[in-house]
Amino acid sequence: MDFAFIIGVILLLTFFALAWYCIKGYNLMIGFLVITIIWTVLPLLGTLFVSQDFLDANEILKFGAAHPLKNGTIVSLVSILNKIYQSAPEGWGTTLVNVCWGAWFGRVLMDTGIASTLIRKTVELGGDKPVVTVALLNIVTAVIFTSMTGAGPVIAIGVIVLPILMSLGVPKAISMFTFMGSVAAGIYLNPVNFAQYRAFFIQPSQMPEFTLGWYASHWGYAALAIMLVCTTLLAMIYLNRSKSHRQWAAQVKNQASQRNAPMYTLILPIVPVVLNIAFNFSVIGGFVIAGFLALFLCGRMTGTFVENCQLVNKLYYEGVVDTAPLVGFLLTLPMFNAVATYASPYFNVVIGGIMPRSELVVCVVFAALLFMGLFRGPMTLVGCGAATLGVLSNVANFSVPFLYGVFAIPTITVNIGCCITQSWVAWGLAYTKVESRDFLKLSIPNAYLTGVIQYVAVLLLLGGLGAEWMIH
């Protein structure tokens with residue numbers, strides 16, 4: 001049996017082990033660090049025994065001009081290790097900075113009361129009609145999360161939205177489902193998440209034309225609208241079928257005692273996104289401009305210079321704390337992405353023959369296997385989908401935007417919107433006392449309805465983009 005095939009089988013087994021590890025909910029940072037080490041060792045050792053024809057067909061496995069083990073030199077080995085464990089994490093610096101500033105902006109929107117005011121005004125507009133209120137709250141929540149991201153902001157908005165829905169008689173499982181679905185819808189246009197997922201495919205310097213503005217106008221708006229409409233329609237259907245409309249027993253904070261932000265500040269949550277899409281303006285610059293405008297216009301910067309500095313520092317600290325687990329994960333994930341490049345030729349030997357090579361087949365297969373986006377599975381980029389991406393991108397010349405859309409759907413629609421391993425979904429289940437199976441009964445049908453339509457949009461809007469968009 002060819003040794004490359006044996007190495008490929010071993011790597012495939014470790015891949016399934018990683019999937020099991022993610023499903024069990026263990027620490028992702030440690031899991032990806034361990035798998036990175038294993039995937040570094042196996043391809044390196046494999047090159048000692050595989051045929052020269054295999055090496056010639058996969059230039060990347062030659063590790064430079066001289067093999068570090070066969071020729072007794074460590075120069076090329078050190079170069080490879082530096083690329084995996086140093087250059088790869090450093091290349092994600094822009095993404096990490098965007099995450100931190102985005103978390104700060106989310107804290108500003110919460111501290112100034114802009115986010116809560118938006119929600120309260122929406123509820124007033126909906127009146128005592130649960131169906132209307134659900135639809136309006138879904139729209140507002142999606143708009144809010146085009147700029148806010150992370151567990152902290154989701155929880156902060158959730159403790160406002162969920163009691164309101166349940167106090168109107170919306171069953172708690174439906175309240176959970178519709179809120180989490182609208183959060184995921186907003187993520188489709190979130191510049192922080194876009195930069196994070198984009199880095200799985202390319203660095204900004206490699207394809208500068210693939211910006212949030214290009215992505216939004218070609219597919220992002222459609223993806224958001226599809227998820228928002230499907231979530232709202234299903235919520236209405238579930239609500240009409242529900243036999244019980246009892247109000248939630250928990251106490252809701254007295255809204256009369258809460259200070260409303262000025263009406264003219266309610267547009268600030270979308271300012272960073274609009275600036276970036278319309279003018280390709282800096283994401284961080286948009287967060288800074290909108291954030292300080294919010295602080296000044298809402299009267300939070302009326303203290304002394306020292307007090308104002310302390311407030312900004314406090315909000316930044318709280319925002320970074322919100323994203324600390326994500327930052328740790330993002331520092332190990334690029335190592336895994338880099339080493340997957342060296343492992344992918346071995347995967348290709350084992351499963352390359354069954355991997356889809358046409359855009360239509362890719363969309364059909366991924367739509368059918370959407371459930372594998374749950375539990376950090378092999379379809380989601382925030383699980384072990386990076387390895388699937390590595391294999392798929394090496395069997396055919398798919399374009400970057402096409403692959404982005406293909407993997408964004410299980411990552412956002414499925415994992416963020418309905419997976420119980422997502423931190424804020426787990427919080428919501430505990431907060432509302434909803435059983436996970438009751439939540440999944442509502443969210444999985446939405447994941448398939450939304451996902452299938454979104455894959456049709458991917459094929460129609462991002463398919464066949466031409467050689468200039470190819471990943472290689």
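Quick notes on this one:
- Positions within the stretch 295-337 being open to solvent by 20 Å² or more (accessible area, probe 1.4 Å) and within 30 Å of Ile6 (Cα to Cα), in sequence order: Met335, Asn337
- As a summary of the residue check, Asn240 satisfies the conditions (1) open to solvent by 50 Å² or more (accessible area, probe 1.4 Å); (2) modelled with pLDDT under 80 except for the one numbered (2).
- Residue match in the stretch 211-223 (condition: assigned to a loop (DSSP other than H, G, I, E, B) and either farther than 30 Å from Leu162 by Cβ or modelled with pLDDT of 90 or more (or both)): yes
- Hey, Gln255 at pLDDT below 80 and exposed (fewer than 13 other Cβ atoms within 10 Å of the Cβ) or not: no
- Any hit, the stretch 342-365, residues being under 25 Å from Gln422 (Cα atoms), modelled with pLDDT of 80 or more and assigned to a helix (DSSP H, G or I): yes
- Residue in the stretch 277-295 that is more than 27 Å from Ala216 (Cβ to Cβ), touching a residue at least 12 places away in the same chain (Cβ under 8 Å) and not aliphatic (A, V, I, L, M) present: no
- Flag if Pro130 is of a type outside the set (Val, Ile, Thr) and under 12 Å from Phe179 (Cα atoms): no
- Which listed residue is of a type in the set (Val, Ile, Thr), within 15 Å of Leu224 (Cβ to Cβ) and out of contact with any strand residue (DSSP E or B) (no Cβ under 8 Å at 6 or more places or on another chain), from Val143, Val170: Val143
- Residues satisfying the stated conditions in the stretch 155-188, i.e. open to solvent by 10 Å² or more (accessible area, probe 1.4 Å) and assigned to a loop (DSSP other than H, G, I, E, B): Leu168, Pro171
- Taking the stretch 384-433 as the region of interest, the helices (runs of 4 or more DSSP H) fully inside it that hold 3 or more residues being closer than 17 Å to Ala199 by Cβ and small (Gly, Ala, Ser) are 385-395.
- The set of residues in the stretch 413-439 being within 14 Å of Val154 (Cα to Cα), among the hydroxyl-bearing types (Ser, Thr, Tyr) and within 13 Å of the chain's Cα centre (by Cα) consists of Ser423 alone.
- All of Met301, Met335 fail the test of being farther than 30 Å from Val452 by Cα and either of a type in the set (Gly, Ala, Ser) or within 22 Å of the chain's Cα centre (by Cα) (or both), apart from Met335.
- Some residue of the stretch 119-132 being modelled with pLDDT of 80 or more, open to solvent by less than 10 Å² (accessible area, probe 1.4 Å) and in contact with a Leu (Cβ under 8 Å, 6 or more places away or on another chain): no
- Unique residue being open to solvent by 10 Å² or more (accessible area, probe 1.4 Å) and of a type in the set (Ser, Thr, Tyr) when the list is Ser147, Ser116: Ser116
- Listed by first and then second residue, the pairs linking a residue in the stretch 218-241 that is free of Cβ contacts under 8 Å to residues at least 60 places away in the same chain to a residue that is surrounded by fewer than 17 Cβ atoms within 10 Å (Cβ to Cβ) and assigned to a helix (DSSP H, G or I), with Cβ atoms under 8 Å apart and 6 or more places separating them unless they lie on different chains, form an empty list.
The values are calculated or read from the model by the stated rules, or taken from the named source; none is laboratory data. Keep in mind the model is a prediction, meaning the values are calculated, not measured. Cβ sites come from the backbone with ideal geometry, for glycine too, and all protein chains shown count toward neighbours. The accessibility values were calculated without ligands, DNA or RNA, using every heavy atom of the protein model including side chains. Shrake-Rupley method; radii C 1.70, N 1.55, O 1.52, S 1.80 Å.
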